[in-house]
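The values are calculated or read from the model by the stated rules, or taken from the named source; none is laboratory data. Owing to the predicted nature of the structure, the values given are computational and were not obtained by experimental measurement. Ideal geometry is used to build each Cβ from the backbone, glycine not excepted, and the neighbour counts take in all protein chains shown.
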Amino acid sequence: MNQKIIKRLVILGGGTAGWMTAALLARSMRNTLDIVLVESDQIGTVGVGEATIPPIQSFNRALGLDEREFLRATKGTVKLGIQFENWSRRGASYMHAFGSIGKDFPFCDFYNYWLRARSQGDTSSLWDYSLNYQAALQNRFAPLAKIPNTNLPGVSYAYHFDAGLYAKFLRRYCETNGVERIEGKVSDVLRNSESGFIEALQLENGAQVNGDLFVDCSGFAALLIEKVMGVEYEPWSKWLPCNRAMAVPSQSAQRIVPYTRSIAHACGWQWQIPLQHRTGNGLVFSGDHWSDEQAREVLLANLPGEPLAEPRTIPFKTGHRREQWCKNVVSLGLASGFLEPLESTSIHLVQSAATRLIKCFPHRGIRDEEIAEFNRQSRVEMERIRDFIILHYKANQRRDSDFWKSCEEMAVPESLQEKIELFRATGKLFRDFDDLFTEVAWQQVLLGQEVWPQDYHPNADGLSEVQLAEFMQSLKTIFQGAVGNMPEHERYLAQQA
């Protein structure tokens, strides 16, 4: 244990990760902690993380941010889910829609009633009972907490935004709330010869930045956690075969839809993220199956508008730092690990790690027990998300390329295999402890990828055939009516301007 009280915290690296961390720490610990952020304008950021998931609202609320001001500053749009196209097979699509589906029951999830109705000839889609999906399909949105005159939950939503503009927005927030920004590039790191703790960062301009605790937000470079502390990286490429991305902005599509598109291609998948001023595009692919030139051709041939720049290639390796916290260095963002942006978790992982750091923050010195618990929680979180992403690749029915065939044939983590087998055999699905994704999220991907259960929960037999048909129809009517009263997505955005 190092008994030095933490009075000065140094964050290395800006971008979304650095400024999100600084903002949350400033909000919660500004009276007990001096916060310094070191970044260089000469070092670029990856800057492709423009899609989020609903917990981003909790983060913004914790900072006291005004949603209208946030949307204006970041050119943001609303996100109701992710549309997966060509994933189960070419031409097929489904949505991982946020929020609930149907009506919640205490011991038997709604999809069991839908499965029973389907076994009796009902041809409705599970997504007919998703308020989010129906709103997304009709390009509508309103921030409903609850469907009027019912006890059914309303819309659950997140955002698309320009990550660079969000970082600038948070920088202004941080500097207003006492965070000191220092411009400069690190030339050396000074460590205590006995403890191995970092004592200061030496900058190229001669300045020295002293600190008690250091947060590494230096991206893939991992300057402190890897280059200085020597913490190894555990690759997960045997389950997640893509290792390169290519990103390019384009002119906006004709309609600004309130969802992310994920479009599977022969050797990877493409994202389309609609912002107010442009569309963010990218292609995540396997460099073992496609050359950069082949990927570039596919990406540019499938843009919703004219490209606004040359495509930028980003090599990556999926995996996780074996220790996210080592001695007095905590790694966040890309320095701590990387999971491809298929389910828009990159920004959330920064948010959750920053929250975890505050909850585990040292009081009278850094203790091994706190470090161990932080690292345990970090690993569990990453592994749960990893399994969810692997599911998309594993449960495909495509036979049009060696890439997809190898994904379907690969052995997956036992934790995921057991979940798939239980669902296929019984229709039962259980959320693991500390899993970011809800049962409803797992249901949508499993069913959307055509993993069909052979059975359903017996509680679904509690209604007669007539009662079941009336129940399902009444839910459809309620959702259709609620969506019909929502304004169009573009109109809602215009009202926030």
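Select, from SER464, SER474, the only residue that is over 18 Å from LEU126 (Cα atoms) and among the hydroxyl-bearing types (Ser, Thr, Tyr). Show your work before the answer.
Details: SER474 fails: over 18 Å from LEU126 (Cα atoms).
Unique residue meeting the criteria: SER464.
Only residues that are assigned to a loop (DSSP other than H, G, I, E, B) and farther than 23 Å from TRP452 by Cα were counted in region 117-147, giving 8. From the list SER187, SER193, SER218, SER156, the one residue that fits, being within 15 Å of ASN328 (Cα to Cα) and among the hydroxyl-bearing types (Ser, Thr, Tyr), is SER193. Looking at GLU234, GLU175, just one residue is closer than 27 Å to ALA23 by Cβ, out of contact with any Leu (no Cβ under 7 Å at 6 or more places or on another chain) and surrounded by fewer than 17 Cβ atoms within 10 Å (Cβ to Cβ), and that residue is GLU175. Against the conditions (1) more than 21 Å from ARG255 (Cα to Cα); (2) part of a helix (DSSP H, G or I); (3) in contact with a strand residue (DSSP E or B) (Cβ under 8 Å, 6 or more places away or on another chain); (4) among the hydroxyl-bearing types (Ser, Thr, Tyr), SER100 satisfies every one except (2). Residues satisfying the criterion are present in region 154-164 (criterion: assigned to a strand (DSSP E or B) and among the aromatic types (Phe, Trp, Tyr)). Annotation note: Cβ proximity below 8 Å between a residue of region 412-432 that is polar (S, T, N, Q) and a residue that is buried (at least 19 other Cβ atoms within 10 Å of the Cβ) (sequence gap 6+ or interchain) occurs for SER415/ASP387; THR426/PRO453.
One line per residue, one yes/no per condition, for (1) closer than 30 Å to LEU447 by Cα; (2) of a type outside the set (Ser, Thr, Tyr); (3) loosely packed, with under 15 Cβ neighbours inside 10 Å:
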position	(1), (2), (3)
THR32	no, no, yes
LEU63	no, yes, no
PHE70	no, yes, no
THR74	no, no, no
SER88	yes, no, no
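Conditions tested, residue by residue: (1) over 19 Å from ILE101 (Cα atoms); (2) within 25 Å of the chain's Cα centre (by Cα).
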| site | (1), (2) |
| --- | --- |
| LYS394 | yes, yes |
| ASP402 | yes, no |
| PRO413 | yes, yes |
| ARG424 | yes, no |
| GLY427 | no, no |
| GLY448 | no, yes |
| LEU463 | no, no |
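Tell me, please, whether a residue that is at pLDDT below 95, surrounded by fewer than 16 Cβ atoms within 10 Å (Cβ to Cβ) and over 20 Å from ALA163 (Cα atoms) can be found in region 257-277. The answer is no, given that none of the residues of region 257-277 is at pLDDT below 95, surrounded by fewer than 16 Cβ atoms within 10 Å (Cβ to Cβ) and over 20 Å from ALA163 (Cα atoms). Does ILE56 count as out of contact with any Leu (no Cβ under 7 Å at 6 or more places or on another chain), under 30 Å from SER130 (Cα atoms) and not in a strand (DSSP E or B)? So ILE56 passes the test.
Of all residues in region 372-411, those being assigned to a loop (DSSP other than H, G, I, E, B) and either free of Cβ contacts under 8 Å to residues at least 24 places away in the same chain or surrounded by fewer than 20 Cβ atoms within 10 Å (Cβ to Cβ) (or both) number 7. Only a single criterion out of (1) among the aliphatic types (A, V, I, L, M); (2) part of a helix (DSSP H, G or I); (3) farther than 26 Å from GLY268 by Cα is not satisfied by LEU446, namely (3).
Pairs are defined by a Cβ separation below 7 Å, a sequence spacing of at least 6 or placement on different chains, a first member in region 352-363 that is farther than 10 Å from THR21 by Cα, and a second member that is of a type outside the set (D, E, K, R) and part of a loop (DSSP other than H, G, I, E, B); the pairs so defined are PRO362/ILE6. Output yes when any residue across region 290-313 is under 17 Å from SER218 (Cα atoms), not in a loop (DSSP other than H, G, I, E, B) and not small (Gly, Ala, Ser), and no when none is. No: region 290-313 contains no residue that is under 17 Å from SER218 (Cα atoms), not in a loop (DSSP other than H, G, I, E, B) and not small (Gly, Ala, Ser). For region 314-338, filtering for residues that are more than 17 Å from LEU223 (Cα to Cα) and not in a strand (DSSP E or B) leaves 1. The number of residues in region 246-289 being under 23 Å from PHE403 (Cβ atoms) and in contact (Cβ under 8 Å) with a residue 40 or more places away in the chain comes to 21. Here GLY219, GLY211, GLY230, GLY206 are screened, and the one residue that is over 24 Å from the mean Cα position of the chain (by Cα) and within 18 Å of GLY319 (Cα to Cα) is GLY230.
Go through (1) without any contact (Cβ under 8 Å) to a residue 12 or more places away in the chain; (2) within 30 Å of GLU439 (Cα to Cα); (3) of a type outside the set (A, V, I, L, M, F, W, C) one by one and return the number of the condition PRO143 breaks. Of everything listed in (1) without any contact (Cβ under 8 Å) to a residue 12 or more places away in the chain; (2) within 30 Å of GLU439 (Cα to Cα); (3) of a type outside the set (A, V, I, L, M, F, W, C), PRO143 misses just condition (1).
All conditions but one from (1) more than 14 Å from VAL248 (Cβ to Cβ); (2) out of contact with any strand residue (DSSP E or B) (no Cβ under 8 Å at 6 or more places or on another chain) apply to GLY268; the one that does not is (2). Scan region 452-470 and tell me whether some residue there is of a type outside the set (Val, Ile, Thr), surrounded by fewer than 18 Cβ atoms within 10 Å (Cβ to Cβ), within 24 Å of THR52 (Cβ to Cβ) and out of contact with any helix residue (DSSP H, G or I) (no Cβ under 7 Å at 6 or more places or on another chain). Within region 452-470, none of the residues are of a type outside the set (Val, Ile, Thr), surrounded by fewer than 18 Cβ atoms within 10 Å (Cβ to Cβ), within 24 Å of THR52 (Cβ to Cβ) and out of contact with any helix residue (DSSP H, G or I) (no Cβ under 7 Å at 6 or more places or on another chain).
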